[in-house]
Amino acid sequence: MENDLTRRQFVMGTTAVVTGVGATLTMPRPARAASSTELPPLPYPDNGLDPYISSNTLSFHYGKHHKAYVDTTNKLIEGTPLAGQPLEKIVASAADSPEKAPLFNAAAQVWNHSFYWKSMRPKGGGAPTGPLAPKIDAAFGGYDAFKKAFSEAALSQFGSGWVWLIASADKLQILKTSNADTPIAHNLKPLLTIDVWEHAYYLDYQNRRADYVNAWLDHLVNWEFAAENLVRT
Ligand code: FE
């Protein structure tokens with residue numbers, strides 16, 4: 001439990017202790033070999049997010065960083081009872097065991113990155129339409145206020161981490177997590193995420209994280225994916 005408390009960092013909403021681990025949220029995954037976690041295909045070409053995220057950034061981020069997390073996960077589960085288990089189960093199994101921190105870090109980063117790629121799409125961004133629009137209004141008082149809160153969370157995350165839009169008891173909240181930490185390790189339901197590790201933006205924006213976050217919100221965020229997650233049980 002100590003790990004949960006030290007890893008978790010809320011910016012809005014409840015600070016209630018969450019004791020469970022994520023077993024309710026699943027992501028569609030391609031078929032994989034029986035004993036290993038696989039690198040899922042990107043949902044768009046390497047240059048699909050140009051010019052806001054370049055093919056150079058995407059190819060390194062996906063082909064090097066994400067792949068390395070997959071490789072490390074597979075190395076650490078090889079020959080153990082976790083080999084062949086769903087990724088969510090591997091993350092949950094490692095979440096509360098300090099001795100499994102290397103596995104948690106790798107497996108959670110596999111999951112987080114797969115979710116991040118789907119949180120973006122070509123010609124995305126802007127205010128949501130559809131089922132999320134009234135929920136954004138109810139939770140934040142309008143899209144502009146949401147955008148301000150989300151941007152502030154992304155800019156104030158010290159060091160490496162992630163910022164999430166989550167649905168908690170059907171109310172939307174913004175959540176920050178450090179390093180590899182992930183909402184599914186806290187039985188929370190993520191709708192969207194932005195990667196604020198420097199490797200996500202440094203080649204394109206150098207130290208200008210604010211420009212990356214603005215571009216992400218204005219041109220990349222995939223509200224359709226968020227809406228799919230909202231109704232997923
Ligand atoms: Fe990353």
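The values are calculated or read from the model by the stated rules, or taken from the named source; none is laboratory data. All values derive from a computational prediction rather than experimental measurement. Every residue, glycine as well, gets a Cβ built from its backbone with ideal geometry; the counts of neighbours run over all protein chains shown. We work out accessible area using only protein heavy atoms, side chains counted, and drop any ligands, DNA or RNA first. Shrake-Rupley method; radii C 1.70, N 1.55, O 1.52, S 1.80 Å.
Here are a few things to note about the model shown:
- Charge sum, other residues only, whose C-beta stays under 14 Å from LYS189's C-beta, Lys/Arg counted +1 and Asp/Glu -1: 0
- Accessible surface, the stretch 55-118, averaged per residue in Å² (probe 1.4 Å): 41 Å²
- Rounded to the nearest angstrom and listed largest first, the equivalent-ellipsoid semi-axes of the stretch 55-118 from its Cα gyration tensor are 22, 11, 10.
- The order of the peptides 144-150, 211-217 by mean Cβ neighbours within 10 Å, most packed first, is 211-217, 144-150.
- For the residue pairs LYS135/LYS171; LYS89/LYS189; LYS64/LYS89; LYS147/LYS176; LYS75/LYS100, alpha carbon separations beyond 18 Å are given by LYS64/LYS89.
- Relative intensity, log₁₀ I(q)/I(0), of the stretch 81-233 from a Debye sum that treats every alpha carbon as a point, q = 0.11, 0.17, 0.19, 0.21 Å⁻¹: -0.42, -0.99, -1.20, -1.40
- Sequence of LEU39, LEU172 when ordered by accessible area, the most exposed leading, probe 1.4 angstrom: LEU39, LEU172
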